[in-house]
Amino acid sequence: MTGLIKATILMDNNAYSGLLAEHGFSALIEVAGRRILFDTGQGPAFVRNADILGLDLSTVETLVLSHGHYDHTGGLPQLIERAPAVHIYAHPGITTDRYSVQAGTAREIGMPEAARTVLQNHQDRTHWVDLPLIVANGIGLICPILRFTDYEDTGGPFFLDAEGMRPDPIMDDLAIWLSTDRGLVVVVGCCHAGLINTLRCALKSSGAARLHAVLGGFHLVQASERRLEATMAALEELGPDLIVPCHCTGATAVERLERTFGARVRSGYAGAVYTFNE
């Protein structure tokens, strides 16, 4: 067990009054005297939110990057300014060039150049994760996230080339799990490997008997009716006590989650705080 866990959303598409919102995600996890930042949003906005909330980012020891998209890695230079000694954990494929290609138009969505430069300049503090990793007692990373289901995909028109010829499987997708007295808490970035795949891998990797909570972006914004129906059924089997959809989950999916799970669902937003093991 890890003791009291506090998770504060620093960046999301929605925000508490007085805080900034953007298309992106970042969460600060405080547990057992450690401060772990999970993703950095697009840029400096998450730092401003942390300052308003009275959270000192200079004390962050560990940064976990969920995958190599700009809206999760763009704030890396700003974090390094505050916490130059931070240790960075990410999959080695995180710097891959990425594109969203729709109607023949390509848009770059990979890690910004400034963030890539930070990784190059901090190689001694960058830890490449391509296997499940225990970060500390009761805290672990899952990677790779195996793709078991036949109804989950990456969630969008993602490609490795601007021509849209090579689909991007986003194999660098990872998540963090934390052990609690009531079961596993899983924090996710976008779930490009699929929400259910991610949660099942987290349970298997951690050895936990049950799922207590999941928080983050579920990337169901473009999910088909078949995928939504199968996801709800699988989540019911997993039986989490708390579901916090953020960022890329999508309004339709959030409404379906609320209809299916009622009060167990709390929509995420920048400034929201969740505590576990109280």
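The values are calculated or read from the model by the stated rules, or taken from the named source; none is laboratory data. Please read all numbers here as calculations on a predicted model, not as lab measurements. Because the Cβ atoms are built from the backbone with ideal geometry, glycine has one as well, and the counts that use them run over all protein chains shown.
Here are some notes:
- Residues satisfying the stated conditions in region 1-16, i.e. in a loop (DSSP other than H, G, I, E, B), at pLDDT 95 or above and either of a type in the set (Gly, Ala, Ser) or under 22 Å from PRO112 (Cβ atoms) (or both): ASP12, ASN13
- Whichever residue in region 254-271 is within 27 Å of ALA209 (Cβ to Cβ) and among the hydrophobic types (A, V, I, L, M, F, W, C) and, among such residues, is surrounded by the fewest Cβ atoms within 10 Å (Cβ to Cβ): ALA263
- Unmet criterion (only one of (1) within 19 Å of the chain's Cα centre (by Cα); (2) among the small types (Gly, Ala, Ser); (3) within 29 Å of VAL101 (Cα to Cα)) for ALA162: (1)
- Once region 82-92 is narrowed to residues that are surrounded by 18 or more Cβ atoms within 10 Å (Cβ to Cβ) and in contact with a Phe, Trp or Tyr (Cβ under 9 Å, 6 or more places away or on another chain), the residue that is nearest to LEU63 (Cα to Cα) is TYR89.
- Taking (1) surrounded by fewer than 19 Cβ atoms within 10 Å (Cβ to Cβ); (2) farther than 30 Å from LEU228 by Cβ; (3) out of contact with any Gly (no Cβ under 6 Å at 6 or more places or on another chain) in turn, LEU79 satisfies each apart from (1).
- Those residues of region 159-200 which are part of a helix (DSSP H, G or I), more than 18 Å from GLY268 (Cα to Cα) and in contact with an Asp or Glu (Cβ under 9 Å, 6 or more places away or on another chain), in sequence order: ILE196, ASN197, THR198
- Among residues of region 101-114, those that are at pLDDT 95 or above, closer than 23 Å to ALA193 by Cα and over 17 Å from the mean Cα position of the chain (by Cα), counted: 5
- Residue within region 207-215 that is part of a loop (DSSP other than H, G, I, E, B), loosely packed, with under 15 Cβ neighbours inside 10 Å and in contact (Cβ under 8 Å) with a residue 24 or more places away in the chain present: yes
- Any chance VAL118 is farther than 21 Å from GLY24 by Cα and either under 18 Å from the mean Cα position of the chain (by Cα) or not in a loop (DSSP other than H, G, I, E, B) (or both): no
- Residue in region 132-151 that is among the acidic types (Asp, Glu) and in contact with a helix residue (DSSP H, G or I) (Cβ under 8 Å, 6 or more places away or on another chain) present: no
- Condition check for LEU19 on (1) outside any strand (DSSP E or B); (2) at pLDDT 95 or above; (3) surrounded by fewer than 19 Cβ atoms within 10 Å (Cβ to Cβ): one failure, at (3).
- Any hit, region 130-139, residues being more than 22 Å from LEU215 (Cβ to Cβ), over 18 Å from the mean Cα position of the chain (by Cα) and in contact (Cβ under 8 Å) with a residue 24 or more places away in the chain: no
- Applying the criterion of being of a type in the set (Val, Ile, Thr) and crowded, with 16+ Cβ neighbours inside 10 Å to the residues of region 132-178, the residue that is nearest to ALA27 (Cα to Cα) is ILE176.
- On inspection, VAL244 fails the criterion of being of a type in the set (A, V, I, L, M) and over 18 Å from ASN197 (Cα atoms).
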